[in-house]
Amino acid sequence: MTEDLNQDICKEDTYKHLYDSYATELHNYLYYKFGESCNPNDKTQDAFVKLWENCKKVVFSKARGFLYKVANNMVLNDLKHRKVVLRYQKEKPVDRTNENPEFLMEEEQYFKKYQQTLAKLSEEQRVAFMLNKVEGKKHEEIAQILGVTRKVVEYRIYSAFKVLREELENFRIK
């Protein structure tokens, strides 16, 4: 009996003996208690990993109880997590914002005015502006696409900015 108490679980042969003795038994316990959905194979393996990580702290005679307790707690934690996930899946996302209706209406009106102002730009200005601000192309790339010089592209973009600033209040684009 005292020989069992002095056995070191961190020794490979002792650990292997524990695994051979209790792995199937622990798997069956988890399977019968919680079913296949709790992944008894994985939980059994995880419990033995925990035993290995804590081999210095666990006495040989308490190893079986440690394995059962750890595996049981892992399954219970997993089930608790699943309940939380299911609860949040059942809740429908809120289909509203914290913005008031007046702000939303103003935003819609501003967007319409922005589209109208873009329509007032010449085709050259609009194309250069949209390539730069919407597609993120650099002035040199736009010049190559349009077959003009970089200075012409810069002039078209800046003149489009000028028109947009004059027509729209608080117009700013980065």
- line: Selection from the range 1-28 of residues modelled with pLDDT under 90, assigned to a helix (DSSP H, G or I) and in contact with a Phe, Trp or Tyr (Cβ under 7 Å, 6 or more places away or on another chain) yields 4, 5
task: Kindly provide the set of residues from the range 120-174 that are of a type in the set (Asp, Glu) and closer than 27 Å to residue 109 by Cβ, ordered by number.
output: 123, 135, 166, 167, 169
task: Note down all Cβ pairs under 7 Å where the first residue falls in the range 67-81 and is among the small types (Gly, Ala, Ser), the second is part of a helix (DSSP H, G or I), and they're at least six residues apart or on different chains.
output: 71/26; 71/30; 71/43; 71/44; 71/47
message: Which condition from (1) in contact with a Leu (Cβ under 9 Å, 6 or more places away or on another chain); (2) modelled with pLDDT of 90 or more is the one that residue 132 breaks?
response: (1)
task: Please go through the range 91-104 and pick out each residue that is of a type in the set (D, E, K, R) and either open to solvent by 100 Å² or more (accessible area, probe 1.4 Å) or modelled with pLDDT under 65 (or both).
output: 91, 92, 95, 96, 102
- request: Kindly indicate the residue of the range 135-148 that is loosely packed, with under 12 Cβ neighbours inside 10 Å and at pLDDT 90 or above and also farthest from residue 168 (Cα to Cα) among those meeting that condition.
  value: 147
Close pairs (8 angstrom Cβ cut-off, 6 or more residues apart or separate chains): of a type in the set (Lys, Arg) in the range 9-34, surrounded by fewer than 12 Cβ atoms within 10 Å (Cβ to Cβ) anywhere: none
- prompt: If only one of 114, 110, 155, 88 is in a helix (DSSP H, G or I), open to solvent by 50 Å² or more (accessible area, probe 1.4 Å), of a type in the set (Phe, Trp, Tyr) and touching a residue at least 12 places away in the same chain (Cβ under 8 Å), which one is it?
  reply: 110
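The values are calculated or read from the model by the stated rules, or taken from the named source; none is laboratory data. Everything numeric in this text was worked out from a predicted model, so none of it was measured. Heads up, the Cβs are rebuilt from the backbone with ideal geometry, glycines too, and the neighbour counts pull from every protein chain shown. The area values use the complete protein model at the heavy-atom level, side chains included, leaving out ligands, DNA and RNA. Shrake-Rupley method; radii C 1.70, N 1.55, O 1.52, S 1.80 Å.
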